[in-house]
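Trainee: If you scroll down you'll find the structure; I have some questions about it.
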Amino acid sequence: MRFAVFLVLAAFAAGAFHRGASANVQLISKAEPVRVLTLGDSITAGVAAGGGKAENGGYRGTLGELLAQNGYHAVFVGTRDDYSADIENRAHDGWPGYVIRSFPADPGPGQLYGAVTKRALQQTHPDIVLLMAGTNDLMRLERRVPGYTMGNVLHSMDLLLGEIFRVAPAVRVIVAPVVSSPRVSAGTVAVFDGDLPAIVNAFAKRGYRITLAAAMQGAVPRDAAHFPDGIHPSADGGYADIARVWLHAIERVTGTSKAVPVAEH
């Protein structure tokens, strides 16, 4: 029996599968295979500096190794397998250039909200979604592109999370702040990252299984050594830094861990 199905049945048996706080404390287990969907933009894909083609999966390659070393039976799932030829767990949903939600003045190549995320969830049935997105939205915000206000970008994240839970109510979501790419001002990154806990907590209070990987904020040093093109942390261990934060966030929602408030993850 798949892990996600077990969680749903267990919740119903306990009388807890309502939008109450009890749903959020159910944890994952190392004893079962865990299907991991990485969802985001080019940083999730593992793009190299300047948009170059890399094949090591960015943080995903290192994360897969770390999960295996720490006793997890993780299988990465997704609708794409590019940027991953050199690694075993190739599937992902990292979409280079995509924003969380697009606006007509500069929609870019696409948005995560809508068909992309629905298709990923419906086709891959993940147990965990690792979500980090917003850098492309914030770059448009700083160029003063109409529609990309801070309020709208944060609302876009709220809409995306709502969509994830509508499609897959029992999925575990770990949200990460965006890394501090130098192409986005430190102040803009700080405002966006600083407002994410309130969004995450609002979903947690409604009973959804969601936590925040707060350590992602500042995980990669904000310098040219780590961000050669100002966007992608593709050098000096930047992607590995991201992988370690994801590992810690997953450990915090594993059955052997002590539950802590969602905003502290």
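The values are calculated or read from the model by the stated rules, or taken from the named source; none is laboratory data. All figures in this text were calculated on a predicted structure; none of them were measured in a lab. Neighbour counts run over all protein chains shown; Cβ positions are idealised from the backbone, glycine included.
Trainee: Limited to the stretch 66-83, what total is found for residues that are free of Cβ contacts under 8 Å to residues at least 40 places away in the same chain and not in a loop (DSSP other than H, G, I, E, B)?
Mentor: 3
Trainee: Same structure, new question: For the stretch 225-237, give me the residue count where each residue is among the aliphatic types (A, V, I, L, M), surrounded by fewer than 21 Cβ atoms within 10 Å (Cβ to Cβ) and modelled with pLDDT of 95 or more.
Mentor: 1
Yes or no, residue by residue, for (1) outside any helix (DSSP H, G or I); (2) farther than 28 Å from residue 234 by Cβ:
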site: 182; (1), (2): yes, no
site: 188; (1), (2): no, no
site: 191; (1), (2): no, no
site: 200; (1), (2): no, no
site: 204; (1), (2): no, yes
site: 207; (1), (2): yes, yes
site: 210; (1), (2): yes, yes
site: 215; (1), (2): no, no
site: 221; (1), (2): yes, no
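Trainee: Scan the stretch 93-101 and give yes if some residue there is outside any loop (DSSP other than H, G, I, E, B) and closer than 14 Å to residue 59 by Cα, otherwise no.
Mentor: Yes.
Trainee: A further question on this structure: Within the stretch 30-45, restricting attention to residues that are out of contact with any Ser or Thr (no Cβ under 7 Å at 6 or more places or on another chain) and in a loop (DSSP other than H, G, I, E, B), which residue is surrounded by the most Cβ atoms within 10 Å (Cβ to Cβ)?
Mentor: Out of the qualifying residues, it is 32.
Trainee: Additional query: Based on this model, can you work out whether residue 118 counts as modelled with pLDDT of 95 or more, more than 25 Å from residue 232 (Cβ to Cβ), surrounded by 15 or more Cβ atoms within 10 Å (Cβ to Cβ) and not aliphatic (A, V, I, L, M)?
Mentor: yes
Trainee: Might you let me know whether the stretch 139-153 holds any residue that is aliphatic (A, V, I, L, M), outside any helix (DSSP H, G or I) and either buried (at least 16 other Cβ atoms within 10 Å of the Cβ) or at pLDDT 95 or above (or both)?
Mentor: There is at least one residue in the stretch 139-153 that is aliphatic (A, V, I, L, M), outside any helix (DSSP H, G or I) and either buried (at least 16 other Cβ atoms within 10 Å of the Cβ) or at pLDDT 95 or above (or both).
Trainee: Among the candidates 103, 76, which residue alone is crowded, with 24+ Cβ neighbours inside 10 Å and not acidic (Asp, Glu)?
Mentor: Checking each option against the conditions leaves just 76.
Trainee: Just one of the numbered conditions (1) over 24 Å from residue 138 (Cβ atoms); (2) among the charged types (D, E, K, R); (3) in contact (Cβ under 8 Å) with a residue 40 or more places away in the chain is not true of residue 86; which one?
Mentor: (3)
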